[in-house]
Amino acid sequence: MDEATYGPLAGFTIGVTAARRADELIALLRRRGAAVVHAPALRIVPLADDGELMAATKELIDSPPDAVVATTAIGFRGWIEAADGWGIGEGLLERLRTAELLARGPKVKGAVRAAGLVEDWSPGSESLAEVLDRLLTGGVAGRRIALQLHGEPLPGFVEALRAGGADVVPVPVYRWMPPQDLAPLDRMLDAIAVGALDAVSFTSAPAAASLLSRAGERGLREAVVEALRGPVLCACVGPVTALPLQAEGVATVAPERFRLGPLVQLLCQELPGRARVLPVAGHRLEIRGQAVLVDDGLRPVPPAGMALLGALARRPGWVVSRAELLRALPGSGSDEHAVETAMARLRGALGVPGLIQTVVKRGYRLSLDAGECGGGG
């Protein structure tokens, strides 16, 4: 068996916090071998019946904008549909036809054209920063600019335009709220806190903020942040998404292109790169999150076994006492017999004899190949 057979993410468990397009992300991860835990950190609430969106739309119809920035396809479509429902759809489209229409990326362009409109410009990078640069370079003093929000405030964007003299009209098409069912998110937080996940993916800043907020409500914020700073990798779709995590001192990784495909490819590079590889008893041992590669064979290992193996791998070739191994076991008591039971299951899961040596009356050690260790402790 080789990596092409089991996938680059086999043996790793990844948390998905997305609400929108979660199925697509989960399918991409599973196709590459990952186990996935899905817990939406928020839900999208359309504002079709919201007076705030209606007021902003009527204001733009009454006082036409000079420029309109469309940020998301789902948001732009929702705005047009809501205006149609209120009977002012044609009035909105007329105003959009006469304004300079900036679309953030290809999907937004598709939504704009589906509405019978044509964008004036769209950045190749899909970056709002590039949209802002274009507006500021052209001069915004005295211009009325409508900004379709995408579920989160864009204070830096709005403030830069207003500082340049623009009249900015925010258009709140939908907003984020906590999920109605918090149980999946709570289970994910528990898993993060004990390091049972290898990575967590974030596709929006509100999702990251919501996860941290819920951790705080449950008294887990410190444990969750500590895990995200260490063993649990934080993968964000882009730099804006990462801001709530970075504010907590959490290091994050993000792809160069802010899309789901590149995010998954980044995980395919990062997680295997974190795996511990050891030459043991003539075999190549690669210790992944929830499984072990013995040579080219993927061996799923139960959590207790992974805890023991992790403790042995931290001091490869050296004897680790039963008492120390007992402390490494999740939820263990004071009976060292639990170590023997978990060790027997670990050896069975690895499927190759001789990888772990019993040292009578002292403990256990990995049978590291000669020349790979400074001593047998």
Q. Out of 260, 266, which single residue is open to solvent by 10 Å² or more (accessible area, probe 1.4 Å), on the phi < 0 side of the Ramachandran plot, hydrophobic (A, V, I, L, M, F, W, C) and modelled with pLDDT of 95 or more?
A. 266
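Condition (residue is of a type in the set (Asp, Glu), under 20 Å from residue 58 (Cβ atoms) and either within 30 Å of the chain's Cα centre (by Cα) or open to solvent by 20 Å² or more (accessible area, probe 1.4 Å) (or both)) applied to the stretch 128-138: is it met by at least one residue?
The answer is no, given that none of the residues of the stretch 128-138 is of a type in the set (Asp, Glu), under 20 Å from residue 58 (Cβ atoms) and either within 30 Å of the chain's Cα centre (by Cα) or open to solvent by 20 Å² or more (accessible area, probe 1.4 Å) (or both).
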Q: Would you check if there is a residue in the stretch 343-353 being at pLDDT 90 or above, open to solvent by 70 Å² or more (accessible area, probe 1.4 Å) and in contact with a helix residue (DSSP H, G or I) (Cβ under 7 Å, 6 or more places away or on another chain)?
A: yes
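Assess whether residue 357 counts as being closer than 30 Å to residue 125 by Cβ and at pLDDT 90 or above. Can you show your working first?
Values: closer than 30 Å to residue 125 by Cβ: no; at pLDDT 90 or above: yes.
It is false that residue 357 is closer than 30 Å to residue 125 by Cβ and at pLDDT 90 or above.
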Q: Can you tell me which residue among 149, 185 is crowded, with 20+ Cβ neighbours inside 10 Å, touching a residue at least 60 places away in the same chain (Cβ under 8 Å) and outside any helix (DSSP H, G or I)?
A: 149
Q. Do we have any residue at all in the stretch 199-214 that's aromatic (Phe, Trp, Tyr) and either open to solvent by 40 Å² or more (accessible area, probe 1.4 Å) or free of Cβ contacts under 8 Å to residues at least 24 places away in the same chain (or both)?
A. no
Q: Would you kindly identify the helices (runs of 4 or more DSSP H) lying entirely within the stretch 50-121 that contain at least 3 residues that are closer than 22 Å to residue 132 by Cβ, open to solvent by less than 60 Å² (accessible area, probe 1.4 Å) and at pLDDT 90 or above?
A: 106-114
Q: Looking only at the stretch 22-49, count how many residues are of a type in the set (A, V, I, L, M, F, W, C) and assigned to a strand (DSSP E or B).
A: 5
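Taking the condition in a helix (DSSP H, G or I) and surrounded by 15 or more Cβ atoms within 10 Å (Cβ to Cβ), does residue 323 pass?
On the way: in a helix (DSSP H, G or I): yes; surrounded by 15 or more Cβ atoms within 10 Å (Cβ to Cβ): no.
No, not satisfied.
Does residue 319 satisfy being in contact with a strand residue (DSSP E or B) (Cβ under 6 Å, 6 or more places away or on another chain) and more than 28 Å from residue 253 (Cβ to Cβ)?
Values: in contact with a strand residue (DSSP E or B) (Cβ under 6 Å, 6 or more places away or on another chain): yes; more than 28 Å from residue 253 (Cβ to Cβ): yes.
Yes, satisfied.
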Q. Counting only residues that are touching a residue at least 40 places away in the same chain (Cβ under 8 Å) and closer than 22 Å to residue 144 by Cα, how many does the stretch 99-126 have?
A. 3
Q) Just one of the numbered conditions (1) in contact with a Ser or Thr (Cβ under 9 Å, 6 or more places away or on another chain); (2) within 30 Å of residue 105 (Cα to Cα); (3) surrounded by fewer than 19 Cβ atoms within 10 Å (Cβ to Cβ) is not true of residue 296; which one? A) (2)
(Q) Among the numbered criteria (1) more than 20 Å from residue 314 (Cβ to Cβ); (2) open to solvent by less than 50 Å² (accessible area, probe 1.4 Å), which one does residue 195 miss? (A) (1)
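The values are calculated or read from the model by the stated rules, or taken from the named source; none is laboratory data. None of the values given here were measured: they were computed from a predicted structure. When we count neighbours, we look across all protein chains shown, and the Cβ atoms used for this are built from the backbone with ideal geometry, even at glycine. Heads up: the accessible areas ignore ligands, DNA and RNA and are worked out on the full protein's heavy atoms, side chains in. Shrake-Rupley method; radii C 1.70, N 1.55, O 1.52, S 1.80 Å.
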